[in-house]
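The values are calculated or read from the model by the stated rules, or taken from the named source; none is laboratory data. Predicted model only: the values in this text are computed from it and were never measured. Here the Cβ positions follow ideal geometry from the backbone for every residue, glycine too, while neighbour counts run over all protein chains shown. Just the protein is used for accessible areas: all its heavy atoms, side chains included, with ligands, DNA and RNA removed. Shrake-Rupley method; radii C 1.70, N 1.55, O 1.52, S 1.80 Å.
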Amino acid sequence: MAQGKIIVAPALPEEQEWIARLLAGTDPWVTLGIGLEKCLASVRDPQHEAYVATINGEAAGTMIIHPKGLAGAAYLKSIAVAPTWQGQGIGAAM
């Protein structure tokens, strides 16, 4: 379990590139060939809501929600945890 309180909050504009780099650098995005530009476009899409999980002020993970997805139901579009924070319950907290 992570040492410190996990805080999940809406992403700030200055966090968008960090989110896109995290997504583009981890699977399944690497395997699917989805690069930085597509990830950044998804983060910046006004139809999506991006969140960042922090621990002790350090960004540890992210998730992108499509609030009006299939048939108007919200769904989790993307989720990723930074490699140094994996296995510590951050994904479950998000």
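A few comments on the model shown:
- Residue match in the stretch 49-63 (condition: out of contact with any strand residue (DSSP E or B) (no Cβ under 7 Å at 6 or more places or on another chain), closer than 19 Å to G87 by Cβ and not in a loop (DSSP other than H, G, I, E, B)): yes
- S42 vs. criteria surrounded by 18 or more Cβ atoms within 10 Å (Cβ to Cβ) and in contact (Cβ under 8 Å) with a residue 40 or more places away in the chain: no
- Taking the criterion of being open to solvent by 60 Å² or more (accessible area, probe 1.4 Å) and of a type in the set (A, V, I, L, M), the only residue of the stretch 9-18 that qualifies is L12.
- Selection within the stretch 25-48 - in a loop (DSSP other than H, G, I, E, B) and not hydroxyl-bearing (S, T, Y): G25, D27, P28, G33, I34, G35, D45, P46, Q47, H48
- Subset of the stretch 75-84 (residues that are open to solvent by 70 Å² or more (accessible area, probe 1.4 Å) and not in a helix (DSSP H, G or I)): Y75, L76, K77
A quick yes/no check of all residues on (1) modelled with pLDDT of 95 or more; (2) surrounded by 15 or more Cβ atoms within 10 Å (Cβ to Cβ); (3) touching a His at 6+ places or on another chain (Cβ under 9 Å):
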residue	(1), (2), (3)
A2	no, yes, no
A20	yes, yes, no
G33	no, no, no
V52	yes, yes, no
T62	yes, yes, no
G72	no, no, no
Q88	no, yes, no
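- One residue stands out in the stretch 22-31 among those that are of a type in the set (A, V, I, L, M, F, W, C) and over 18 Å from A9 (Cα atoms): the one that is most open to solvent (accessible area, probe 1.4 Å), namely V30.
- Taking each residue of the stretch 69-94 that is touching a residue at least 24 places away in the same chain (Cβ under 8 Å) and looking for partners that are assigned to a helix (DSSP H, G or I) and surrounded by 14 or more Cβ atoms within 10 Å (Cβ to Cβ) with beta-carbon atoms closer than 7 Å, six or more apart or interchain, yields S78/L23; S78/S42; A80/L22; A80/L23; V81/I90; V81/G91; A82/L22.
- Number of the condition not met by L22 [criteria: (1) in contact (Cβ under 8 Å) with a residue 60 or more places away in the chain; (2) part of a strand (DSSP E or B)]: (2)
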